[in-house]
Amino acid sequence: MAHYECVRCHRFFERVAFEEVCPVCFPIEEEEFRKIKEYLTAHPGATSNELMAVIGVSLKSIRRYLKEERLEIVGDNKGFIRCELCGKPLNSGRFCGGCYKEGQALRAKGIMGPYSDSSGKPGEEQQPKTRKEGIVYHGKKE
């Protein structure tokens, strides 16, 4: 097994699946996400600044939860997170729908390996929401 660096504490650990945090940070991570989920359930569309002020979560953690599709931006995100290939603004995930589909087509042709990106999920384009900005929990993977 290869050693991976924890995104929270930067310690190296043995990765079992696709986890981004070490076993020491995992309970801390889950508790932080539980607080975010509860806050966003009570205050849908809260901004990242609100989450940072009220809960004390870091902007880095919010971005990571968005890229992991655990959270989603509602409305105009003005490029808070962007497609890792073309730079198009996203509401959640790592890739826009076009880049994801292109990657799938390349994999089908055998040009790319099945695990060349670790997202495993489409970065589908999101429909515009009624609020101008904010983050919402939509019951995505926990």
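The values are calculated or read from the model by the stated rules, or taken from the named source; none is laboratory data. Quantities reported herein were computed from a predicted structural model and do not represent experimental measurements. With ideal geometry, Cβ positions are generated from the backbone for all residues, glycine too; neighbour counts draw on all protein chains shown.
Considering only residues that are acidic (Asp, Glu) and under 16 Å from Glu20 (Cα atoms), which ones fall in the stretch 51-91? Selection gives Glu68, Glu69.
Report yes if Leu51 is of a type in the set (A, V, I, L, M, F, W, C) and either assigned to a helix (DSSP H, G or I) or on the phi > 0 side of the Ramachandran plot (or both), otherwise no. So Leu51 passes the test. Any residue that is touching a residue at least 24 places away in the same chain (Cβ under 8 Å), on the phi < 0 side of the Ramachandran plot and more than 16 Å from the chain's Cα centre (by Cα) - is there at least one of those in the stretch 61-70? No, the stretch 61-70 has no match at all. Applying the set (1) more than 22 Å from Glu20 (Cβ to Cβ); (2) loosely packed, with under 15 Cβ neighbours inside 10 Å; (3) modelled with pLDDT under 90; (4) among the small types (Gly, Ala, Ser) to Gly134 leaves exactly one unmet item: (2). Tallying residues that are modelled with pLDDT of 90 or more and part of a loop (DSSP other than H, G, I, E, B) within the stretch 16-46 yields 6. Does at least one position in the stretch 22-42 carry a residue that is on the phi > 0 side of the Ramachandran plot and of a type outside the set (Ser, Thr, Tyr)? Looking through the stretch 22-42, none of the residues is on the phi > 0 side of the Ramachandran plot and of a type outside the set (Ser, Thr, Tyr).
Among the residues of this structure, Glu50 does not count as one that is over 21 Å from Arg94 (Cα atoms), crowded, with 16+ Cβ neighbours inside 10 Å and of a type in the set (Asp, Glu).
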